[in-house]
1. Taking the Cα centre as origin and putting +1 on Lys and Arg beta-carbons and -1 on Asp and Glu beta-carbons, what dipole magnitude results for the chain, to the nearest 20 debye?
2. Residue 131: which aspartates and glutamates have alpha carbons under 17 Å from its alpha carbon, excluding same-chain residues fewer than 8 sequence positions away?
3. Give the percent of DSSP beta bridges with both residues in region 13-162 that are antiparallel, rounded to the nearest 5.
4. Among bridges DSSP assigns within the chain, what percent are antiparallel (round to 5)?
5. Excluding residue 8 itself, calculate the net charge of residues whose Cβ lies under 12 Å from the Cβ of residue 8, where each Lys or Arg counts +1 and each Asp or Glu counts -1.
6. If you roll a 1.4 angstrom probe over the protein chains with everything in place, what fraction of the accessible area of region 99-210 belongs to carbon and sulfur, to the nearest %?
7. Cα centroid distance between region 17-39 and region 145-213, in Å?
8. Just going by the charge dipole of the chain, with Lys and Arg at +1 and Asp and Glu at -1 on Cβ, which of 158, 72, 99 is farthest out on the positive end?
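The values are calculated or read from the model by the stated rules, or taken from the named source; none is laboratory data. Being a predicted model, the structure only gives us computed values, none of them experimental. No Cβ is skipped: glycine too gets one built from the backbone with ideal geometry, and neighbour counts run over all protein chains shown. Accessible surface areas use protein heavy atoms only, side chains included; no ligands, DNA or RNA. Shrake-Rupley method; radii C 1.70, N 1.55, O 1.52, S 1.80 Å.
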Amino acid sequence: MEQALELVGLTKVFGEERAVDELSLSVPAGSFFGVLGPNGAGKTTSLSMAVGLLRPDGGTARIFGVDVWRESPKAKALVGVLPDGLGMPERLTGREVLTYLGLLRGLPEDEVGRRAAELLEVLELDHEDDKQVIGYSTGMRKKLGLAVALLHAPRLLVLDEPFEAVDPVSAATIRTILHRFIAGGGSVVMSSHVMALVEQLCDRIAVVADGKVVAAGTVSEVQAGATLEDAFVSLVGASTRGADGLTWLSH
């Protein structure tokens, strides 16, 4: 089976902290793949290395067989990325951002204009043409970031918390777009903390803890007869330490 994303032995060390510890993961082409993990588990660091935003200290990352670091331009042409803490040119409007980044990717000017107009309309940002990005809400920035990721028609989307701070109506629109992307032959990797969302959207998942993949497979395989939330808590070794305290909150 063709792999949309393949990570082998990815490692990243910050000072004395081993943030990602020889992490390996395979994402089959055509899948909607969810990545779960507690805060500080190494999800964002791993995904940043997977798409060429952060150089690993060890290991390899391949997108449809293309090495992300040895053939970087070719690999990056295959992937659209919505990273954590997305930065954008804040003194441009959303349409200007899409136009600028589309032209940087080498797309024809008329094609950039057509795609930008369609994306802004679908994501309900077309009525904000006179507003600079600096005035966008967090949810609007998230939607514009998704538009940027989709603009060059990639084969793979890697999305870090794409539904965070997005209102329910916009979230429904994004779900429709992502399902259409999958149906058209694309692949999606999405990190999220929302278990219900992962269960609803994803067909395969991986759980990351302490910089390693501790479980991966179909949703039902990882659940192993439990709820996804219970399976997750068991896999990452979480506890509710101190939950019986805070007696001063009782009235």
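1. Values: 23 positive and 33 negative charges, 93 e Å.
The dipole magnitude comes to about 440 debye.
2. Those aspartates and glutamates meeting the cut-off are 90, 96, 121.
3. Working: 5 of 9 bridges.
For region 13-162, the DSSP antiparallel bridge percentage is about 55.
4. Details: 22 of 39 bridges.
Close to 55 percent.
5. On the way: positive: 62; negative: 6, 22, 67.
So the environment of residue 8 carries a net charge of -2.
6. On the way: 2640 of 5090 Å².
Answer for region 99-210: carbon and sulfur cover 52 percent of the accessible area.
7. 14 Å
8. Ranked along the dipole, the leading option is 72.
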